[in-house]
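One structure is given below, encoded as structure tokens.
The values are calculated or read from the model by the stated rules, or taken from the named source; none is laboratory data. Nothing here was measured: the structure is a model prediction, and the numbers come from that model. When we count neighbours, we look across all protein chains shown, and the Cβ atoms used for this are built from the backbone with ideal geometry, even at glycine. Please note that ligands, DNA and RNA were not included when accessible areas were found on the heavy atoms of the full protein model with its side chains. Shrake-Rupley method; radii C 1.70, N 1.55, O 1.52, S 1.80 Å.
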Amino acid sequence: MNQLPPRPFFPDLFELPGNDSESGRLIGMRCEDCRKTCFPGREWCPACFGQKLGRVPLSKKGTLYTFTVCRMSLPHLKAPYVIGYVDLPEGVRVFSILDVDVGAGHAPPLRIGMPMALTFGQLRMEENGQEVWCYKFRPHGEPS
């Protein structure tokens, strides 16, 4: 059987990783006029409304801005799961699923301001056997 390669859950948000879940990148847009970076990409700059934007890979590490535990399942997310915002060095705040264990009523091992790292994983499986992947952030060590 010919296995289909995984595909992103939404086009142009990220480059899929190679053979491991760590090698992919989020793709933002940077304005050529004011140098503001945004994610997700768009056709005009949210800072100056310029229309000259170019694709730019974003950092793989950031800082947890805030998070919450969701206790209601969605079609492709079984409760409980954690979502939050991660601030990247480019000045971008990314909304993401957070890759942490909150099973059996445990509190997530998170605190605001902690370092986070980008990772990728399966969100769902299509009927044709193709995996649909999403980006996530997970805790990444502690600042020294």
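Here are some notes:
- The chain - Cys residues lacking any other Cys C-beta under 4.7 Å: C38, C70, C134
- Put simply, the amide H of V100, placed in the peptide plane, has neighbours under 5 Å in V82, leaving out anything fewer than 5 places away on its chain.
- Dividing the Cα radius of gyration of the chain by 2.2 N^0.38 Å, with N the residue count, gives 1.13.
- The chymotrypsin sites (Phe, Trp or Tyr not before Pro) of the range 1-93 that meet both conditions, a loop assignment by DSSP and at most 16 other Cβ atoms within 10 Å of the site Cβ, are F9, W44, F49.
- What you get for the range 10-144, charging only the Cβ of Lys and Arg (+1) and of Asp and Glu (-1), is a dipole of about 400 debye around the Cα centre.
- Area of E126 that stays accessible when all protein chains are in place (1.4 Å probe, Å², to 10): 50 Å²
- Global form of the range 71-144, assessed from the alpha-carbon gyration tensor, a/c cut-off 1.5: oblate
- In sequence order, calculated HN-Hα J values of the range 43-50 (Karplus, 6.51, -1.76, 1.60; Hz; x Gly/Pro): 8, 9, 6, x, 8, 10, 6, x
- Formal net charge of residues neighbouring L88 (Cβ-Cβ distance under 10 Å; K, R +1; D, E -1): +1
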